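So the structure is just underneath, and the comments pick up after that.
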Amino acid sequence: MSAQSNSTWDRRSLLRAAAGLAVAAPLAACGSNNGRGGGSGSGKQLTQMFHAYGEPGVEQAVKRYAAAYKKANVTTQWITSADYESKLFATLLTRNAPDVFEFHPQIQLVKSGQVADLSDIVNPVKDDFNAADITSHTVDGKIYGVRMIDDPQFFFYRPSLFEKAGVKVPETFDELMEAAAKLTTGKTKGVYLGNDLHAIVNPLIWSAGADTLNDKNEIAYHTPAVIEGLKKLRTLFASGHLLLGAPTDFWDPSALSQGLCAIQFCGMWAMPQFQKALGDDLGIFPFPKTVDSGKPSVYNGGWSMFVNAKGDNAEAAKEYVKWLWIDQKQYQEDFATSYGFHIPPRSSIAASATPLKSGLPAQGVKLFNQYGHFDNIGWTQAMIQATWDVIADCVRKNGDPEAALDTCDKTVGRELKKLFG
Amino acid sequence: MSTTTKPALASPAPAKARPARTWRGLRGSRTFNFWLFISPFLAGLIIFIYVPIGWSVYLSFFDARFTVTPSKFIGFDNYTYMLTDPKFVHSLGTFTVFAAFIVPTTWAVSLGLALLVNRLRFLRAFFRSVFFLPTACSYVAASLIWKMSLFSGVRFGLMNTVLGWFGIDGIAWLASPSPPWYWLVIVTARLWLQSGFYMILFLAALQNIPAELYEAAAIDGARPGWQTFRHITLPQLRATSTAVILLLLIAAYQAFDEFFNLLDKTTWGRPPLVELYYTALGTEQDYGAGSAGAVILTALIVVVTLFQGKLMGFGRGEDSK
């Protein structure tokens, strides 16, 4: 037997092989970087998509829960972009769409068949959920998502600064403006509502005694009281007492904790960070009524888990959602209270969550129950964008509120017609 | 036995059989080599450019919300919608004004830098690199630096710190359109980012101008400085200027990154591409209307470019020197 092998590797062969590999490797890579590898379970591969939470430790917690699931390999796409909704919507149209994703209940996801009916996994424990959360996820009697956390949003303030300036906690928007004026100093602005003011659009509507849509899914925000509220907001915007152009947005506690402002609109999720920075020098109050006929309001935001109905693994994904957000109560409590403070949507968990039972967190829960407004599933992202444009046009740009609302009506009306006929 | 032998006639050499086209022979073919090198790029061009353009034109005639494989043909409805959408029309108008400002400004700044660098006797390579380096910076990174460090609306932003030294109150540069300070932020960012690249083009063109022209002009009594610049340098740069203005115009209409990052979700200062992003990929997810807008924008860029080419004689640059 010849010692000489038939497969002689000369220089050219090697070059050819290297060239082949060079071509094949990127092609292989094109299809592999989809976040579907590396899970610890067995069987199906599932992908879940989360927006980046600001509180330290949440990402690790989400990945830890996923790793504990043994019926499938669950990998996490952690989206740090500020434009989570755009990224999610675009990804849902592709083969790389996540099997499970978090978002807010919106009817267009149901109408376009993008989210699966989860009634069968929620119905057995429906009575243990906050009734408003169930309503906000229901279309034609079917439940399309599982609420993970409720996030009340209100004002945080420093009582020591109030005392120094002789200011009492505002009960009306006029009082908020007066307080902002008194609290503004050379280094500190009176109040911070976020850089783009988007976070306070819905509270502004509710505090004027109006709503986004009524029970018949008709426009309910275009009222004289809302117009008056918009005019007052413009006055505050132009007063020099509102913090504008801050390095971080409303959801981050830095503006108040670093002394850039005396009052900040934010969510209860940031309460532990506020407390860490300011200790006991911290108070909260709801968005005050903008007109006499209005009433204070709190936006009960939050995040819900949905299953991609068009994915290949919809059934396995539903099993995973049931396991994590229905069965694993210890993870749900951990997610709601160990990082930022959120209110668990499950009544049994909310009742047993020790960190929410006393002090400022308990006050937050009280405001949530007393003044809270929940997501309306008929109020879609396009409608939300239209109301953001109202703020841009008539508050930041000093346009006519009536004209801005008319423009908004056209967009919302077009959207309503497409969704409800 | 005698044997006679005929002198052997040399038989004609058999016609040489045409060799089979071997792999080795094929590799020698210039046509083959041409296609070998061109085909990957051609395939990329077709797959990633022409097919999406064609699909976009196709989508523009369909109702395509939350889908890119539509079924409901609606004719020109998407075009009507986009052309009557005040936000989209406004973005086209705003950016025609923006282009009218940024194109000559960048042209002047980059030409000025090129003239300065070209005059240097020492450290020319250093300064050429210094001015060119911002081109390597990402528009997104530059926008974030401009937004968070230089033009932050709070007291510790660099510009507000400087204003504070003179007793001037801090300005919220990007928060409000009145006064429109946001243009200052955008224009400075864009000038910083793109002037270096066009400076290099001008520098190359300047170094191609024969020194004899200046010598002849000097003999004829032309004064160095403005007179020489106006009558010799500028006409010699005509071809480069035309190309630079063309590229700047297209870049102005394709502006996205710095506007998207600096003016997050505002209704003002929105270029057409950001408007289309929000229509197609953002909250509306209307790929039909977004595609119609893209076709309109492309048509506008083509018209403006052709007009500019006609005006400045694009392609006639060499003849008209």
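What is the calculated FRET efficiency for B:Leu123 to B:Phe256, with r their C-beta to C-beta distance and R₀ = 51 Å, to the nearest 0.05?
FRET efficiency, B:Leu123 to B:Phe256: 0.90.
Using the Cβ-Cβ distance between B:Ser138 and B:Thr94 with R0 = 22 Å, the FRET efficiency computed as 1/(1 + (r/R0)^6) comes to roughly 0.35. One Cα centroid belongs to segment A:43-61, the other to segment B:118-183; the line between them spans 36 Å. When only Cα pairs below 8 angstrom with a gap of at least 6 residues are kept, chain B shows a relative contact order of 25 percent.
Our compactness index for segment B:132-182, the C-alpha radius of gyration over the empirical 2.2 N^0.38 Å, is 1.27. The residue among A:His137, B:Tyr277, B:Ile250 whose Cα reaches farthest toward the positive pole of the charge dipole of the protein assembly as shown, with charges on the beta-carbon of Lys, Arg, Asp and Glu, is B:Ile250.
Which net charge results for the neighbourhood of A:Phe374, defined as the other residues with beta-carbon distances under 13 angstrom from its beta-carbon, given Lys and Arg at +1 and Asp and Glu at -1? So the environment of A:Phe374 carries a net charge of -4. Distance distribution note for chain A: the fraction of Cα pairs above 30 angstrom is 48%.
Normalised by the number of residues in segment B:202-313, the mean separation of alpha-carbon contacts (under 8 Å, six or more apart) gives a relative contact order of 20 percent. With N counted as the residues of segment A:115-210, its alpha-carbon radius of gyration over 2.2 N^0.38 Å works out to 1.60. Scaled to the globular estimate 2.2 N^0.38 Å, the Cα spread of segment A:163-253, given as radius of gyration, is 1.20. Modelled label positions at A:Arg95 and B:Phe229, each set 7 Å beyond Cα in the direction of Cβ, lie 5.8 nm from each other.
Relative contact order for chain A: 22 percent, from Cα pairs under 8 Å spaced at least 6 residues apart, divided by residue count. Computed from the alpha carbon positions, the gyration tensor of chain B leads to an equivalent ellipsoid with semi-axes of 52, 36, 20 Å, biggest first. What you get for the protein assembly as shown, charging only the Cβ of Lys and Arg (+1) and of Asp and Glu (-1), is a dipole of about 3660 debye around the Cα centre.
Rg and Dmax over the alpha-carbon atoms of segment A:346-397 stand at 17.0, 47 Å.
So between A:Ala314 and A:Asn369, what do we pick up on full extension, going 0.36 nm a residue minus the alpha carbon distance? Please report the intermediate quantities before stating the final value.
On the way: separation 55, 0.36 × 55 = 19.80 nm, distance 3.46 nm.
Roughly 16.3 nm would be gained on extension.
In the protein assembly as shown, taking the dipole from charged Cβ atoms about the Cα centre, the farthest positive-side position among A:Ser81, B:Val117, B:Ala294 is held by B:Val117. The simple Förster model, with R0 at 51 Å and r as the Cβ-Cβ distance, assigns B:Thr161 and B:Ile209 a FRET efficiency of 0.70.
Only one residue of A:Phe274, A:Val226, A:Pro152 has its Cα farthest out toward the positive end of the dipole of segment A:152-285, where Lys and Arg carry +1 and Asp and Glu -1 on Cβ, and that residue is A:Phe274.
Classify segment B:27-117 as rounded, prolate or oblate, taking a ≥ b ≥ c as the square roots of the eigenvalues of its Cα gyration tensor: rounded when a/c is under 1.5, otherwise prolate if a/b is larger than b/c and oblate if not. The shape class here is oblate.
Calculated [222 nm] ellipticity per residue, helices only, for chain A: -12000 deg cm²/dmol; basis is -39500 (n - 2.57) per DSSP H run with n ≥ 4, divided by all residues, nearest 500.
Over all pairs of different C-alpha atoms in segment A:178-318, the reciprocal of the mean inverse distance, the Kirkwood hydrodynamic radius, equals 17.1 Å. In terms of overall dimensions, the C-alpha atoms belonging to segment B:89-232 reach 58, 40, 31 Å along their principal axes, ordered largest to smallest. Does anything in segment A:315-330 have its amide N under 19 Å from the 7 Å Cα→Cβ label point of A:Ala351, and if so which residues? Within reach of a label on A:Ala351: A:326-330. For the protein assembly as shown, take every pair of Cα atoms, bin their distances at 20 Å starting from 0, and report each bin as a whole percent. Percent of Cα pairs in each bin: 13, 39, 30, 12, 3, 1, 0, 0.
All of the numbers you see were taken from the coordinates with simple rules; none came from a lab. In this text the structure is predicted, and so the values were computed from the model without any measurement. Here Cβ is always computed from backbone atoms with ideal geometry, including for glycine, and neighbour counts include all displayed protein chains.
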